[in-house]
Structure formats: C-alpha cells, structure tokens
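Notes for the one structure printed next.
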Number of protein chains: 2
Amino acid sequence: MLDFIFQPKSIAVIGASTTKGKLGHDILNNIKKFGYSGPVYPVNPKARTILGYKTYKSVKSVKGPIDVALIIVPASIVNAVLKECGEKKIKAVVIISAGFKEMGGDGVKREEEIKRTAIKYGIKIIGPNCLGFINPHKDLNASFASGMPNKGNVGFVSQSGAMAVAMLDWAYNSQVGFSKVITVGNKAGISELELLDYLGRDKDTKVIAMYLESIIDGREFMQRAAKVTRKKPVIVLKAGRSEYGQKAVSSHTGSLAGSDAAVDAAFRQCGVIRAGNVEDLFDLCKGFSMEPLPDGPNTCIVTNAGGPGIMASDALADTNLKLADLDESTKKKLKKNLPEAASVQNPVDIIGDAMFDRYKTALETVIDDPGVDSILTILTPQTMTEEDETARHVAKLSHTTNKPLLTSFMGGEDANSGRQILNHMDIPNYEYPWRAIYTLDKMYDAFLIKQKKGLAYYTAKHKKINKDPKYFQLKTIDAEKILLQYGIPVEKSKLITDPKKIDEFPVAMKIASRDIVHKMASGGIKINIHNIHQARIAYKEIVRDTKKPAKKRELDGILVQPMMDKGEEIIIGMKRDPHFGPVILFGLGGSFVEVLKDISLRIAPFNRPEAMDMIKQVASYEIIKDYDTKLIADTLVKVSHMAMDYEDITEMDINPMIVYKKGGKVVDVRMLYK
Amino acid sequence: MLDFIFQPKSIAVIGASTTKGKLGHDILNNIKKFGYSGPVYPVNPKARTILGYKTYKSVKSVKGPIDVALIIVPASIVNAVLKECGEKKIKAVVIISAGFKEMGGDGVKREEEIKRTAIKYGIKIIGPNCLGFINPHKDLNASFASGMPNKGNVGFVSQSGAMAVAMLDWAYNSQVGFSKVITVGNKAGISELELLDYLGRDKDTKVIAMYLESIIDGREFMQRAAKVTRKKPVIVLKAGRSEYGQKAVSSHTGSLAGSDAAVDAAFRQCGVIRAGNVEDLFDLCKGFSMEPLPDGPNTCIVTNAGGPGIMASDALADTNLKLADLDESTKKKLKKNLPEAASVQNPVDIIGDAMFDRYKTALETVIDDPGVDSILTILTPQTMTEEDETARHVAKLSHTTNKPLLTSFMGGEDANSGRQILNHMDIPNYEYPWRAIYTLDKMYDAFLIKQKKGLAYYTAKHKKINKDPKYFQLKTIDAEKILLQYGIPVEKSKLITDPKKIDEFPVAMKIASRDIVHKMASGGIKINIHNIHQARIAYKEIVRDTKKPAKKRELDGILVQPMMDKGEEIIIGMKRDPHFGPVILFGLGGSFVEVLKDISLRIAPFNRPEAMDMIKQVASYEIIKDYDTKLIADTLVKVSHMAMDYEDITEMDINPMIVYKKGGKVVDVRMLYK
C-alpha cells in the first residue's frame, strides 16, 4: 500500500524557497495553507525559517522520521539529494524537478541515474517532471497547483502536469470531488500500474480516472485493470489517439507510442472505459461516482419542455440506450395524474407549468415501471418552476431506488440553487441533457463489461519455427502445418512440379515461393482449373508471370488445392504491438476490410465469448451472422493461442478462410518472421 | 423588410397585467427595464396604469399609430383581439399566448381562425405559443426571457420558447452576442423562411443561427438559404434527427417530421451548416461571427503545454483539417527564437515558461508561413504565464491577418481576465481546445461551400405516366423507355413468350410481372444462360417459381437481356420526401448499401459538380473511383431531372447499373406509383 506516500505522517520539502512565485515556495505554502497537520521539514541551505517552518541544511539533519520528501532542486543535483534521502531512510520521494527524459540527451542519462539510486536505496519515486499530489481528505496539497479540489471519491492520476492544472479547474466547475490527485510525470518509479492497484484498494476511492499519454506496459496494465474493473470503474483518457497526437506524444514524453486501435481493443477486454476528452472524463466521473450502473438499456426522460426532450432523444439514438417503452399501466397512471396537454409517451413531457409535485408524481411512476432501467430528469426554469423544491424531491427519490437517475437542470442563474442542492445531495447534474445521455450510455457499457468473465489466461508454450535467414516468411505448407497443430481446418495444398500429378479437378493453383508476399498481385494464383489441359497452361503462366521481375525468385513449384464451394470469405490476421503484444484482427473478406476498415481487434490470448464479441463488433456482422460463427470464434481463439506460442512469428494473414452455414476452411495463409 | 417589427417605433402590450410573475406583467417590465425608448401602450380593461405606463381598454382607444402589438390574452379571445388590431391598422402582432396547434383539437381550429383573420387584415403574425423577441441593439426585450443578451452580430431564430430561455443563458456563458433573438413558436405567420431573408439583409447580423424543430417548406427553405449562405453563414440546429427525436417533435409541435437524411442532404446542397446540439451551435456562432473563414485545411497549433496540444491534434485527426507542415524557413526561424526544449514541429510547443513575447514571436512566424491556413493558440496558466499581455498581443496579431485565429485559454480563475480581454477584442476563445478545432473544421466546410456554384435550376416538364390502377408499378420495358428518354444507357430487355425467340447467347432472363417487386427474391431471375437448352429450363423454372404463391400473378412473359461483362454494380434510387420532394440516392451495389448503409443523398434537381460530390461522399468511393464516375454523375443528374418531370413516380430503383472503366448500362429498373 502506498498510504505512507499519500497520507504521510511527515514531509520534507527539499529545495524550499523564501521567494514567492518559486515552486519551492509555493509548494510549501500549499502544504501550510490547506492545513496539513504533520511535521514539515523545509530543506534550504541558507534560510533559517520559511513560512514559519524551521529549515534544515539537509534531510540528514532532521531528527524525526520522514515519510515522503518533495524534491524541487535543479535536475543536476537531484541524484545527490536522492542519495541523502536514501541515507536518511526516506521511503518515497516526489521529484517535481524537470530536466530528465522529457528533455532528451543528458536528461535521459540523469533519469537512468536516479532510477539506479532509487533501486539501490529502495526508494519509491513519483515523477520526475511532475506537479506533486493532493489528498483532499487529509487537507494535503503537496503540489504547486493552486487551490484545493473538492473532497470526493474520484481517484485521479495524470501524466501531464500542465493538463492536471487545467483539469482540476474544469473538475471544479463540473463539481467533481476527489479522493486523490496524483501526477506521475515521467513515471521513473511509480506509474499507472501501481496506482491502479493502490486506488483499486483505497477505500476513499470509488472511481478511478486517469489521463495518460503513454502506457508503460500494456499487458501488465490489462492484467491489473481487469481485476480492478470488477470492483470499481476505471475511466481513462488516453491522449495520442491520432497519428498527429502520437507525434506530439513522442516529442512530449519521449515514450514510444502504441497503435491506438490496440489500445481500444485492450481497454475493451479489460473493462476500462475510454473517455474521448477531458469533458467526457469528468462527465463520466460525475455519473459513475454518484449513481449505480443501469442494468438495462431502457431510459426514461422526464422533462418540463419539449425541445430539450427532443435533443436528449436525438443524442440517445446515437448510443446503445433505448427510449423505454412505458408500460400501459404506467401511461394510464401518468395520464390520470398529469394535465391533458402532457405527453405520457417517453419522453414524458410534464409541460412548462410543472411544479415540484408534478415532477414527483411523474418520477415515482416511471421509477416503478419495471421496463425502465434509468431516468433522466430535465428541468428548464420557467415561470412556475420550483427549482429548489424539485431538486430536493428528485434527490430524495433517487436515494430510494437502485436505478440511476441523472439530471439536467438547464439554463443560467435561475436554476443555480437547484443545481447546488443536487450536488450537495450527490445527484449528478449536467448542463446539457446530451451529456447526461452520453454518461448513461457509458455506465450501461460498464454494466455489460461487469457481466464478462474477465481476461483469458493461457500459458505460452514457447514453440520455435525454422527461421531461414534467406527469407522473411515460412513456406505455405509449413504455415498450414502450424494451423493444423491447433486444429484449425485448412484446405491443404499439395506441392507439385508437374501438372500431371494433379489427380482430381477442379483445382486452384498457386505459386510456392518465399520471395513473394502477395501471390494474387504477382499473378501467382489461378482458380477454376477443370482439366489437365487448363492445368498445363496455368502452370506455364504462373511460372512465366512470377519470373518476370529482374530479381531471381525462389520457386519451389506450384501448390494445388481442390476448388472450394462458394461461401463467405473472412480474414484473420495477427501482428505484434510494441506495448500490448500479439493483436488479432478479424474482418469480412474483400472490400470490407480494405476500403471500409470494418475490422475488430483483440489482444491475445482471449476466450470464446470475447471472440464472439469480436465477430459481433464489425458492421458486416449482419452478413456473417448467417454463417458458422462458432467455427470462426473457435479459430480466432486458436489463432490467439498460436500467437502466444510462436513468438518468432511477427505477422500472420489467413486470407481468405471460406466459411459456410456449417464448417469452413482456411484457403491461404502466410506467416512472416524477422 | 421586417424592421417595423423588430425595431418598432411603438408597442402595444395587450393583456398587460398588474400582477408580478404573470407574463403580461413581466413582458411589460422587460420592455421598460431595458430602456425601450418609444411609446408603450399596455392594454388592460381594469387597471389605470401599470409600471407607470397609462393603460388602455383596447388598442382602438390608443390615439397614435402602433407598429407592433404583443398579445398575451387567453387563447379563446386572441382572435377577437386580433380583429381589433386589424381595425386599428396594426401591421404586426406577436402572439405569446399558447393554446393553439400545439394542443391539438380545438387549438388547431383556433390557429386556422387567427390565420384567416391575419390574412383578412394584412397583419403579420409571430407565434402563437412563442416567447417574443429581443433586439439588443435597440435595448428592446419584447419577451418574457429575463435578462438582456449581449449585443453582437448573431441573428438567432428559435422555434421553441423553453429552449430559447436556456439557450440565451448558455449563449451568455459562451460570450456570444446577438443582433436579434426571435422566437417563432407555431409559425402561424412568419417562419424561418421570411426570417432567413430578413436576417440575410439585416446589417446588424453577420451570422444567422436557428433552432428548428420542423421546416415549413423544405424546397423553399433551400432556395432562400442558398442565396443567403453566399453572403452570410447560416447555422441550423435541427432537432429531431433521430426517429426518437422525431416522435417527440411530432407530439410537441404537431408538425409532420421529415426524414432526417433528407435534411442533411438539403443543408449540404444549400450551404447551411448543421449544428449537432446547442453547444455546437454557440461554439460555431462564436467562430463564424468573429473570424474570417480559413481558405485551406492546414492548421497550426501553438501551445505552452504538450498535453493540450496532443488533445487538439487528436480532435483534428477526426476532421477534414490537417496539421500544417511548417516550411523549413519557419522551423528555422522558430528554432532561432525559441528555447532549445521547445518543439518547432506542429504543434509548436513553446513550453511552460513562455511569457507573452514568446507567444508573439511564435505566432508572427507561423502566421507568415504560406502553408498555414488557420491558427489555434493554446494557453495553460503556469507560473510564468502572462495571460493578459498574451491575450492582448494575440488579439492584435489576429487583427493584422486574414487567417482565422482561434484561442483556448484554459483553466479556471487564472486565465479569466485574459479571456475577458480576448472577448472584448473579438477573439473567439474556447474552454476546451477540441471545441476550437470543431469550429475551425466547420468554418473550413463553409469556405468549401462558398466555392460551389449554388443550387441547380430545372424547369419541370410535368410528364405523365400511364397509371394502371390494377398495379403499383410500371412494366420494366416502360420504365426502361423513360430512362432512355433522358439518354441514360440501358441494357434493353426483350419480352419473349418462347425461348426459341432468343437469338444470341449468353443471356439473363427475368420475369415480366407487375405483381412482383423483388424479382430476385421471387426466383424471377436466371443469369449466365449459354444455350437454348438452358434457356428452356430457365423459362420453365421462372414460370413455376413465380407462380408458387397462392395469389395469382400477372405474367407478361420473360424478359431477355444479353449478359453483361463483369463490372462494378451501383444503385441509384429515388423517393419523395414530404418536405423536400424528390430525393436521389447513390450507393455501390451489394452489401455496401444494404448492410453498411454507405449511401449519399441529394435533393433533385442537381448539377454535375453536386453529383460528383455525391459520389465522393460514400466510403466506397475508394472502389468506385476507378470506374466511369463521369457516366455515373451524368446518370444521377438525369435521374434528378426525371424525378422532377414525372411527379407520378413515387419511387424508383436502378439496381444494378453496371459500370466499367469506360461506359456502363442500367441492367434493371423499377418505377412505382400510387
């Protein structure tokens, strides 16, 4: 547990300064100002006291024990200071100083140096190049962010200091409260990995939110996140989803950027909710931290104005949520209790002159409807509207039900006090109704994720291939053999050097050469060959066309396969992501993959339900669903195991596998190595 | 011109009330409070004075002329009051009262009644069931919205009163200023149509923004909007884009909902920018009203922190914008003037300790780069940051260039005064950088739209078809003839009743029956028939399979077509939208249309450039681009003319047309009527 860092009994501030505006002054001032109650030891070689605290020449001259030291000295002397901390037996340091890996050059060396020192003395490092941390529940602001965020239950980890400052401001506006705010900077020591575990166990934390520019170890992150997300929602804003963004990330933190599609797949598998931007992040935090998850998609909207109801419905149509079909008895009850002009269809429009009691009646009625899984209450301030009283009753009702109830009290000044009441009573309120819908949708996602069994485990068998250094790929026949080892059905090829050896027609013929990657494009495939005459011509043509290039190509002969009946063609691929390891791709053959990029990805290994989810994820599922999806799922799982076992295979393409209503076979496969 | 309404020389308030909280009181109070300077005549049968104004028993007892009367009396007596207004020669009334079409039943009748009265007396009506209007430039708040919006150049029209109140609040927060705010309610008289013209000419209005729940006359709207958008941006938030939303619209305003895809197509054609929600609407208003349009996609980001730069780049990757490739000379100049740790790649990161002069240098340099079309300046408040001074210099620089410059001064309190400076100096600022990117992207869209030639004109020839009431569709051969009239290439069918009549092979055979809509699904199509023997079998099978159903079907014989060479199949369709008239559909054949809904739509008529735009809009353009797109565009234009001429044809499907690298022909077509 890292409580000794985030709830320290004593703090040293190394590089404390007497000059207002300097970090070494402002951090010490923050510690004092917000009321941290433990002993504080500023270290400064010249001053006697700073901000009323007695100063020390070095941590070594401090008598008592020190839980955590904040380091704000020039990068060049951080390592020396770190050694002193080690000698003083300080267990953790927060290195605020910049000038390390993010600078490149000497900075990289300096970072390696402090890492070694930390290991030698067994010191935990946060940073360098970070903002510090804040624990609102302990009145401790050990950072240079001005202000103290609201107390709450969101544990927030940020990789970027500059973003953290802006984010705390936004969080303040959006009324999100925090259990911890931790900035990790260059992550030389403690990273999102340990913090996932820590915040996962932290009793003050109900929701974990992270802003990450890189992920230190993708597979380890998945393993830990998969456990934490069973208990608490983990919401991550991963910057650098675009190629553009990735360029900026690289020059910003010097870390290798991973492929973003792999990140999406990984998050999905381990149950992490991905936020698109900061606005999303805090809107989600608000919903997840205050309300239970909806256990179905059916949402009921109660509003006192038509327009916002329409806007919310429009937003809802873009999500997995549905407008709940209200039960006849619900409608009857609403009709009885609402004025004639009201709409008892969902969205329930209780019209402009609704006072608090009409909201109460309508909400009580729809909450009771078993077909309603979640509720959005919209209020626009109008002449008769009782904002405060309505807020109080909405909150009370919300506390009596385990269905999530979100609100959108819209407009400016008029509804301000109502909004404050909602906030004090822990009811999430959104400025715009569609933000509430966005949040509800992600909460429903999280509910579905919780139903999943978690990550699949698989013990890799570390199998070897014969890597002939003259080539970059396996022979087709050898690749087929590997698939067959896993029980994947393959339409086997027979290698011939004479067309007379073909004993059954019709067949397809394809070139056997390890110098050719795309057989089709090189003129190396002929299909629908019905007799020996056609076979002779085909043989000649293949040999001629594939010999065209100046470069001499290996030619083992021609592979012959029986022609398969027409079915649906699918593609299964594998590549290795530098952060997440083997990634498996699924898609329908033909233009769907190439033009429309209608594919789904998963990190290997995975199990059958995950594979089914993968198949259902593509838009062309509408086509593939009539074929043997059981076989496809099975094949995907087996390929994921193969990818784990054969670490030397860097890339693989099964293209195509032909599937039928029942059964199917791999027609062609290539496996590359490096 | 409607200036006599929105800049009236005198106002009557019919139904003025002495009771605070009543609409008739609050509106009068608004007129007084914000300083309207013309004569005001409250009409109230009992009170002597209200709010210091002398009251009148009726408008007829007012001596002077009255430009506009606000009516706030019960719905049942509105018509009587309207007649008095007519007799008093009042030219316009704003009917605030509700209880008309939106109520259904008697309300509908009442609305018809007031329409008739208005026509009789030549009175312009705004409303009923509206909020009134506001003219900030004339200090006139003739509505029951509390508060006076900022003066500015956005002319805002809202169909929903309740939304207008909330929207004015949001607009206030987002610092948008208005030339006019007009709520139109049920649109019994003045609608978005007249207001498009009026605001298009209004010199105080630079940007027109509308919140619409329905569009009164789609084609008329397009005609007028196409003219206005050549001069001023028109941004429309059209609610009810989802089916859900449409349901709510219908029950809300009683107006028929149009198909939303047609709205999208129509807006695109007439150059209207569509906002997704209220947030979008005001973010767009801000950018469009303060900055010129970018004349290219290349955006440069200047930031003092990496994180926000990444987030902006991520957002940019989802748009049509590009991160500008900075010129080598630009990079050199930046390198010379910025600290070593800065990034001179786009996003240009001038790092955390940047003071105003570094912003100035960097911005001057990138503005000078001819490869940069627009600039986003990001500021996060850090220790050394000079928010105010930076704001002033950014604004000054912006005023010296015709490239749009948007800003995102992030964070809370710290940058507040900087933001205020930007606002006073007319520089659009966004809380989140991605909102600025969203806005820039739409501004670039608007630039592209301005390059287009405008709507196509076509004089419909009003041609007739022979509508045999026994059937619902034309004979295939007759439908083919219609296409041929327009010079559309068709692979003509020959009707036979005996296979012997086929003189050339291979052929396709299809049933000729007006009782069958889907020939293929009914077993009515056989292809690849190579000889008379196969033809005989096919003939028999078609007759047998299509006669299967119990219901007797017409059978004219069998249509025979030569088999066409393999090419790419496309689909061209037509349907009639209740609001916009004939809508033409384009898509690639096969699964693209059915499963992936990868289609584009346009309202007929349109010209060749619009048709090319339509072809490029589909994702499968990557496939179709290698075929004869000129022929496809030509066919689309001709079909759009056909749709205009043949008003009786309610639906048409060309499915498929086979196209080649050069040339192509329609293979099958069906035309339905009612």
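Please give the net charge around A:K9, taking every other residue with its beta carbon less than 12 angstrom from that of A:K9, where Lys and Arg add +1 and Asp and Glu add -1.
With Lys, Arg at +1 and Asp, Glu at -1, the net is 0.
Note the buried accessible area between A and B here, summed over both chains, with a 1.4 Å probe, in Å² to the nearest 100.
5100
Could you tell me how many degrees, from 0 to 90 and to the nearest 10, lie between the Cα long axis of helix B:328-337 and the main elongation axis, the longest principal axis, of the Cα atoms of chain B?
Helix B:328-337 and the main axis of chain B meet at about 30 degrees.
Using only the alpha-carbon atoms of region A:72-206 as identical scatterers, what base-10 log of I(q)/I(0) does the Debye formula give at q = 0.13 Å⁻¹?
The Cα Debye sum returns log10 ratios of -0.55.
Quick check: with the 1.4 Å probe, what order do A:E389, A:E491, B:E328 take by accessible area, largest first?
B:E328, A:E389, A:E491
To the nearest 0.05, what FRET efficiency results for A:E651 and A:N528 with a Förster distance of 22 Å applied to their C-beta separation?
For R0 = 22 Å, the calculated efficiency reads 0.15.
Could you order the peptides B:354-365, B:170-181 from most to least packed, using the average number of other C-beta atoms within 10 Å per residue?
B:170-181, B:354-365
Report, to the nearest 10°, how far helix B:608-617 tilts away from the longest principal axis of the Cα atoms in chain B, using its own Cα long axis and a range of 0 to 90°.
Between the helix axis and the principal axis of chain B, the angle is about 90 degrees.
Provide a whole-number value for the mean count of partner chain Cβ atoms within 10 Å of the Cβ atoms in peptide A:313-326.
Neighbouring Cβ atoms belonging to other protein chains average 4 per residue here.
On average, how many beta carbons from a partner chain sit within 10 Å of the beta carbon of a residue in B:335-347?
2
Can you tell me the accessible area per residue over chain B, all protein chains present, probe 1.4 angstrom, in square angstrom?
Accessible area per residue, chain B: 40 Å².
Please work out whether chain A counts as rounded, prolate or oblate from its C-alpha gyration tensor, where a ≥ b ≥ c are the square roots of the eigenvalues and a/c under 1.5 means rounded, while otherwise a/b larger than b/c means prolate and anything else oblate?
oblate
Among A:M644, A:G99, B:L199, flag the residue with its Cα farthest along the positive direction of the charge dipole of the protein assembly as shown, charges on Cβ as +1 for Lys/Arg and -1 for Asp/Glu.
Farthest along the dipole direction, towards plus: A:M644.
What is the packing order of peptides A:14-20, B:427-433, A:113-119, A:501-507, taking the mean over residues of other C-beta atoms within 10 Å and listing the highest first?
Packing order, densest peptide first, comes out as B:427-433, A:14-20, A:113-119, A:501-507.
Leaving ligands, DNA and RNA out of it, report the carbon-plus-sulfur percent of the accessible area of chain A at a 1.4 Å probe.
The C+S portion of the solvent-accessible surface of chain A is 51 percent.
I want the local charge near B:D283. Using Cβ-Cβ distances under 13 Å, sum +1 for each Lys or Arg and -1 for each Asp or Glu among the other residues.
Local charge sum for B:D283: -3.
Using Cα atoms only, what is the angle between the long axis of helix A:243-253 and the major principal axis of chain A, expressed in degrees (0 to 90) to the nearest 10?
Tilt of helix A:243-253: around 60 degrees.
How would you order A:41-53, A:128-140 from highest to lowest mean count of nearby Cβ atoms within 10 Å?
Packing order, densest peptide first, comes out as A:128-140, A:41-53.
Note down the nm distance, to one decimal, between modelled labels 7 Å out along Cα→Cβ at B:T629 and at B:K22.
6.6
If each Cα of region A:555-641 is one equal point scatterer, what is log10 of I(q)/I(0) from the Debye formula at q = 0.10, 0.15, 0.24 Å⁻¹?
Relative scattering, expressed as log10 I(q)/I(0), comes to -0.28, -0.60, -1.17.
Nearest 5 is fine: what % of DSSP beta bridges in the protein assembly as shown come out antiparallel, could you say?
If I count the DSSP bridges inside the protein assembly as shown, around 50 percent turn out antiparallel.
Over region A:1-129, what is the relative contact order in whole percent, taking alpha-carbon pairs under 8 Å and six or more residues apart?
22
Can you tell me the Rg and Dmax of the protein assembly as shown, counting just the alpha carbons, in angstroms?
In order Rg, Dmax, the Cα atoms of the protein assembly as shown give 35.5, 115 Å.
Which whole number gives the average count of other chain Cβ atoms within 10 Å of the Cβ atoms across peptide A:156-165?
Mean partner shielding for this stretch: 5.
In nanometres, what is the gap between the two model label sites at B:K464 and B:E541, each 7 Å from Cα along Cα-to-Cβ?
Between B:K464 and B:E541, the label points sit 4.3 nm apart.
In the P(r) worked out for region A:268-340, what percent of Cα pairs fall beyond 21 Å?
Here the tail beyond 21 Å accounts for 45 percent of pairs.
Under a 5 Å amide H to amide H cut-off, with H placed in plane at 1.01 Å, what residues pair with B:L237 once short-range neighbours are removed?
B:M210, B:Y211, B:L212, B:A275
How many percent of DSSP beta bridges within chain B run antiparallel, rounded to 5?
Restricted to chain B, the bridges split so that about 50 percent are antiparallel.
Taking Cα centroids, how far is region B:568-584 from region B:355-413 in Å?
Rounded to whole Å, the Cα centres lie 47 Å apart.
Can you classify region B:294-449 as rounded, prolate or oblate using the Cα gyration tensor, where a ≥ b ≥ c are the square roots of its eigenvalues, rounded means a/c under 1.5, and otherwise it's prolate if a/b beats b/c and oblate if not?
rounded
Output the pairs from B:K83/B:K120; B:K203/B:K231; A:K662/B:K526; B:K231/B:K638; A:K625/A:K661; A:K360/A:K396 with a Cα-Cα distance over 18 Å in this structure; if there are none, say none.
A:K662/B:K526; B:K231/B:K638
Would you kindly find the accessible area of B:S58, with a 1.4 Å probe and non-protein molecules such as ligands, DNA and RNA excluded, rounding to the nearest 10 Å²?
Its accessible surface works out to 20 Å², give or take rounding.
First select every other residue whose beta carbon is under 11 angstrom from the beta carbon of A:I437; then total the charges, Lys and Arg +1, Asp and Glu -1.
So the environment of A:I437 carries a net charge of -2.
How much mean residue ellipticity at 222 nm does the protein assembly as shown get from its helices, if each DSSP H run of length 4 or more adds -39500 (n - 2.57) and you divide by all residues, to the nearest 500 deg cm²/dmol?
-11500 deg cm²/dmol
Can you give me the distance in nm between label points at A:E364 and B:M1, each placed 7 Å from the Cα along the Cα-to-Cβ direction?
5.9
The values are calculated or read from the model by the stated rules, or taken from the named source; none is laboratory data. Computed from a predicted model, the values in this text were never measured in an experiment. Please note: Cβ atoms are built from the backbone with ideal geometry, for glycine as well, and neighbour counts cover all protein chains shown. With ligands, DNA and RNA removed, areas are computed over all heavy atoms of the protein, side chains included. Shrake-Rupley method; radii C 1.70, N 1.55, O 1.52, S 1.80 Å.
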